[in-house]
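Student: Okay, handing you the structure first.
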Amino acid sequence: MTDPVDPFLVSPKPTVVPHIGFFARLRNYFLTGLVVAGPVAVTAWLTWSFIKWVDGLVGPLIPPALRPETYLPVAIPGTGLVIALIGLTLLGFLAANLVGRTLVELGESLLNRMPIVRPIYKTMKQIFETLFSKTGSSFRKVALVEFPAPGMWSLVLLSQPPSPGIAEKLPQKEHVSVFLPCTPNPTTGFFFYVPREALVELDITVEAAMSLLISAGVVQPGSGPEAQAKLAAMAGTLRAGAPGPVPAK
């Protein structure tokens, strides 16, 4: 009869740590750098494109004697943007006093007499006043609506209630104007009236909804800190030389 083996005398099996390959580590480093640098590069490119676009519009309107490149060996980007901001601020200042309001009303009266220009100007004015008004209530809330088929839900932005002339033609329910943006271009979409009881309001911002739409669901609301935590964990794993989750292609 053999003696029982003392479990305290038996050495435990060593834990085998899988070794991450050299090329896998390079791939992880590359993807981590891409995640860090990609958003910065796209943001810088969009900002630079906007500055160049404004400079192209405002630059020809500036007399050559007032252009910095006339006296400097290189062109300074953003001059047109700065001048445009100063000009719009001065225009707003002038429009806020009595003389400015009189000139604006005179200009509007002239535009209102032009058959083709009048509806375009009135529509654009209403849109800009609504979007940039501090007290406006357009596009302040996000909701879900069952569209385009039962069981399928889409994000919509809540706008103004319908006017009395339209509301009286709708069924005897409280309706609300909604805009359904398309993915990945939220500047296009569908506009329709929906009964308020058919909407499911969400506790997310319009910016979060736009990010969700533009990314086609990749960037979920509230995923920012989690994504940063995953990125930090990946970087820490690579520094330690231990195997970590390989990002999906």
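Student: Hey, among the residues in the range 66-81 that are β-branched (Val, Ile, Thr) and either outside the structural domain of Ala44 (by TED's automatic domain parsing) or not in a loop (DSSP other than H, G, I, E, B) (or both), which one's nearest to Val54 (Cα to Cα)? Break it down into steps so the answer makes sense when it comes.
Tutor: Taking the range 66-81 and keeping what is β-branched (Val, Ile, Thr), we get 70, 74, 76, 79.
In the following step, the residues that additionally are either outside the structural domain of Ala44 (by TED's automatic domain parsing) or not in a loop (DSSP other than H, G, I, E, B) (or both) were identified as 70, 79.
Numbers: Thr70: 19, Thr79: 9 Å.
Across the range 66-81, the extreme among qualifying residues is Thr79.
Student: Still on this structure: Restricting the search to the range 145-200, which residues are among the aliphatic types (A, V, I, L, M), in a strand (DSSP E or B) and touching a residue at least 24 places away in the same chain (Cβ under 8 Å)?
Tutor: The initial filter retains those residues of the range 145-200 that are among the aliphatic types (A, V, I, L, M), namely 145, 149, 152, 155-158, 166-167, 170, 176, 178, 180, 194, 198-200.
Subsequent filtering for residues that are in a strand (DSSP E or B) retains 145, 155-158, 176, 178, 180, 194, 200.
Result: Val145, Leu155, Val156, Leu157, Leu158, Val178, Leu180, Val194, Val200.
Student: Also, quick follow-up: Of everything in the range 36-74 that's touching a Pro at 6+ places or on another chain (Cβ under 8 Å) and under 30 Å from Val218 (Cα atoms), which residue is surrounded by the most Cβ atoms within 10 Å (Cβ to Cβ)? Before you say what the answer is, go through the steps one by one.
Tutor: Going through the range 36-74, the residues touching a Pro at 6+ places or on another chain (Cβ under 8 Å) turn out to be 48, 51-52, 55, 70.
Now drop any that are not under 30 Å from Val218 (Cα atoms), which leaves 48, 51.
Working: Trp48: 12, Ile51: 16.
Applying the filter and picking the extreme gives Ile51.
The values are calculated or read from the model by the stated rules, or taken from the named source; none is laboratory data. Since the model is a prediction, treat every value here as computed from it, not as a measurement. For neighbour counting, all protein chains shown are included, and Cβ atoms are generated from backbone atoms with ideal geometry for every residue, glycine included.
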